[in-house]
Amino acid sequence: MFNTINGTELDQLLIQNSEGLIVVCFSADYLGESRMLDSILQEIASDYSSVIFVRIDGDADSHYAAQKGVYHLPTVMIYNASELVHFKQGLQGKAALKRTLSAIISNEQTA
Amino acid sequence: MNKDTVKHILMLEDMENDVELIKRAVKKNIPNAIFSVAMNKQEFLEKIEWQVPQIILSDYNIPGYNGLDAMFYVNKHFPHIPFIFVTGTLQDEEKVAQAVLSGADGYVLKDNLKSLSGVIEEVLAKSEVRYQAAEEALQRIRQTNLKIQKITSLLDNLEIPEKEKQILKGLIKELEEEVKPETVLA
């Protein structure tokens, strides 16, 4: 699942899932890079059933995006157990994203 | 403190056990805290740019770095962000005085972490006005950057003469220089 939510919903998600792994993509339909990244995340989401994947429309919700430190789209943030562990602007490939996620999950398991 | 708003806290701490103890101490009274953790200078300088934190908690001794240097960096580049030392090495009164006089907003000893969330709430309340004003300015700059990105993207798809397109791109470049987020507080 890779649903579009708004900023208030993301804040609630971060508070309610304080022990989980959450991938957030700030995206915009008018950008080719964003559309590509959205479809990559949509694919990856099915490989990681325990991870929550969400998309924020950084164009419609630009005030919230700016509050979160976003000034370029797309931007991916990953939260793990109430910690922001990844923040990257621009298009990222499927392999790179999977490597990042696997590294976070394996660190968590060895901790 | 609004319990529904996420509070972003940046921690400079090289000891994993201490990171967990500090997180636990903070979350007792501030359950909506989200952390970024930097274990060295490079991570600190990188993560402070990710998402400007509402407060910084820093150890005093970091291998290859120093809490005071981190504080001077914050005071210079992000003067609106409050800075608290959370350390085991400030027993020396002279060091405490030096830290506070040099610009720290507070300090907590690691063997007294139960007082940490209270100190954070107190410091956040004191610094709210200066934080809000600067953060709102930063947010406007980030939103302007998002608008510039949108204009650039739409311009690429516009069918107008190349000469006019280049003039518009030149103007956009000038605007980008004026609204670089890292220069707005400098």
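Here are a few things to note about the model shown:
- For B:26, A:70, order by how many other beta-carbon atoms lie within 10 Å, fewest first: B:26, A:70
- Counts of other chain beta carbons within 10 angstrom of each beta carbon in peptide B:139-149 average 6.
- Residues considered: B:14, B:59, B:111. Largest GNM mean-square fluctuation over chain B, using C-alpha springs under 10 Å, is found at B:111.
- Net charge of Cβ neighbours under 11 Å - reference residue B:13; Lys, Arg +1; Asp, Glu -1: -4
- Taken along the Cα-to-beta-carbon direction at a fixed 7 Å, the label points for residue B:137 and residue A:12 span 3.5 nm.
- Within the stretch B:1-58, the trypsin sites (Lys or Arg not before Pro) that combine a DSSP coil assignment with at most 14 other C-beta atoms in a 10 angstrom radius are B:3.
- Partner lysines for residue B:173 [C-alpha distance under 25 Å; skip if fewer than 8 residues away on the same chain]: A:68, A:88, B:147, B:150, B:163, B:165
- Ranked A:1, A:77, A:36, criterion: other C-beta atoms within 10 Å, fewest first: A:1, A:36, A:77
- If you plug the beta carbon distance of residue A:43 and residue B:177 into 1/(1 + (r/R0)^6) with R0 = 35 Å, you get a FRET efficiency near 0.40.
- Counting only alpha carbon atoms, the long axis of helix B:116-156 and the longest principal axis of chain B meet at about 20°.
- Listed by chain and number, the lysines whose alpha-carbon sits under 28 Å from that of residue B:114, ignoring those within fewer than 8 places in the same chain, are B:3, B:7, B:23, B:27, B:28, B:41, B:47, B:95, B:126.
- Beta bridges assigned by DSSP with both partners in the protein assembly as shown are antiparallel in approximately 35 percent of cases.
- Counting charges near residue B:122 (Lys, Arg +1; Asp, Glu -1) among other residues having Cβ under 12 Å from its Cβ returns a value of -2.
- Projecting label points 7 angstrom from Cα along Cα→Cβ for residue B:164 and residue B:112 puts them 6.9 nm apart.
- Dipole size of chain A about its Cα centre, with +1 on Lys/Arg Cβ and -1 on Asp/Glu Cβ: approximately 340 debye, rounded to the nearest 20.
- Rounded to 10°, Cα long-axis angle of helix B:16-29 versus longest principal axis of chain B: 90 degrees
- Net charge in the neighbourhood of residue A:41 (other residues with Cβ under 12 Å of its Cβ; Lys, Arg +1, Asp, Glu -1) is +1.
- Calculated [222 nm] ellipticity per residue, helices only, for chain A: -13000 deg cm²/dmol; basis is -39500 (n - 2.57) per DSSP H run with n ≥ 4, divided by all residues, nearest 500.
- On Cα atoms only, tilt of A:94-110 relative to the major axis of chain A in degrees: 40 degrees
- Within chain A, longest stretch clear of exposed chymotrypsin sites (Phe, Trp or Tyr not before Pro) (DSSP loop, no more than 16 other Cβ within 10 Å): A:49-111
- With both labels modelled 7 Å from their Cα along Cα-to-Cβ, the residue A:106 to residue A:63 distance reads 4.4 nm.
- Here the stretch B:107-167 is treated with +1 on each Lys and Arg Cβ and -1 on each Asp and Glu Cβ, and its dipole about the Cα centre works out to around 80 debye.
- Anchor residue B:76: aspartates and glutamates whose Cα lies under 13 Å away (excluding residues fewer than 8 positions away in-chain): B:182
- In a fully extended conformation the segment linking residue B:72 and residue B:5 would gain 21.3 nm over its present Cα-Cα distance, using 0.36 nm per residue.
- Within the stretch A:1-103, GluC sites (Glu not before Pro) in DSSP loop having at most 12 other beta-carbon neighbours inside 10 Å: A:19
- Largest mean-square fluctuation among B:82, B:53, B:31, in a Gaussian network model of chain B whose springs join Cα atoms under 10 Å apart, belongs to B:31.
Only the coordinates and a few stated rules stand behind these numbers; no lab work does. Predicted model, so just to flag it, every value in this text is computed and none were measured. Here Cβ is always computed from backbone atoms with ideal geometry, including for glycine, and neighbour counts include all displayed protein chains.
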